[in-house]
1. Multiply the residue gap between residue 232 and residue 175 by 0.36 nm, knock off their C-alpha separation, and tell me the result in nm, one decimal place.
2. Restricting to Cα pairs below 8 Å that are 6+ residues apart, what does the relative contact order work out to for the chain? Please round to a whole percent.
3. Could you please rank 58, 184, placing first whichever residue has the fewest other Cβ atoms within 10 Å of its Cβ?
4. Using only the alpha-carbon atoms, how far is helix 5-15 inclined from the longest principal axis of the chain? Give it as 0 to 90 degrees, nearest 10.
5. Tilt of helix 135-158 relative to the longest C-alpha principal axis of the chain, in degrees (0 to 90, nearest 10)?
6. Could you order the peptides 287-293, 96-102, 259-265 from most to least packed, using the average number of other C-beta atoms within 10 Å per residue?
7. At a Förster distance of 35 Å, what's the computed FRET efficiency of residue 135 paired with residue 254, Cβ-Cβ distance as r, to 0.05?
8. Let me check the size of the range 78-125 from its C-alpha atoms; what are the radius of gyration and Dmax in Å?
C-alpha cells in the first residue's frame, strides 16, 4: 500500500493499524508555503464575492480547483501537427509537404487524417522526458482534504451521530446533535468546527436565508439527492443535486421536485435533454463549428443495490 505521511498518520489514528515501511522517499529540507498562501488569498476573495452575491465567485472556485488539478496532471503524450498536402514553391513546382513530413517523422506519427481539401493532420507521439508537475503537492492536498472529513465523520461515529449522506466535502447529519458534535470536536482538536474559514464547515443550503433545515430528503446515490428545506419563517425551498443534470431541468419536471426523486427512487427512468435551455457547439476536426440542440441522457437508479 502506498501512502503519504498524512494518510499514514490518519490510518494509524483512526484504524489503529500496525505497519512496516518497506521503501519510501522523504524530504529533510525546508517547506515552501507559497502555494498555500496564494490559495488562502483566492479563498478569501471568493468568500467575499459569495457574500456579495457576485457570480464571479464561481471563477475563483474554478481557479482553485484547476490549481489542484494541475499539480496531478498526467503527461501529454501526443501532439497534433498540420501540414498542407500539396503546395507550390517559388518556382511554381508542386511540393508535397504532408508526404515529406511523414517520411521524416515516420517513427513519431501514430495516425493521420485529412481535415480539409488540402490540409492533413498528423497525430504524433510526443516526448515527455522533461514533463514535470509537483504531484507531491496534489497528493498532500487530496489526503489533507480526506483528513478534514475523517476528523468529523469518525468523531460523529464515536458519538453515535448518524450521517445520512456524505460527499467529498459535505455531509447530512441531525441538526439536533450539531452542537454536541461541535463541542466534542473543539475538545479533541482545539479548533472551531463551524465557520467560513478554510477547513471549517458551514450550512450549504443557499436556497433560503435564516435558520435552514432539511425536513425531507431523498438520497439516490453519489451526488444525487433532494432536500426539502424550511426555515423559521416556514418558507419552503428545494436543494437539488443530480450529477450532470442542471437544476433548471429538474425543476421543470414536476411542480414539487420531490415527486421526481421519489419516482427515481422507485426505479423509474427519466430522459433529460441537457441542451434544452442552453447553447452548445461542436468543433469538428476540419475546423468547422456546428450548433448542437440535443444531448440526451437517461437516468435510472437501482436503489436496492445502491447502483447508479
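FYI, it's all coordinate maths here, none of it is from the lab. In this text, all values refer to a predicted model and were calculated from it rather than measured experimentally. As a convention, Cβ positions derive from the backbone with ideal geometry for all residues, glycine included, and neighbour counts pool all protein chains shown.
1. Extra length available between residue 232 and residue 175 comes to 19.1 nm.
2. Worked out over the chain, it gives 10 percent.
3. Working: 58 12, 184 16.
Neighbour counts put them in this order, fewest first: 58, 184.
4. With rounding to tens, the tilt is 40 degrees.
5. On a 0 to 90 degree scale, this one is about 20.
6. Working: 287-293: 9.6, 96-102: 15.9, 259-265: 18.4.
Going from most to least packed, we get 259-265, 96-102, 287-293.
7. Numbers: r = 45 Å, r/R0 = 1.30.
E(calc), rounded to 0.05, equals 0.15.
8. 11.1, 35
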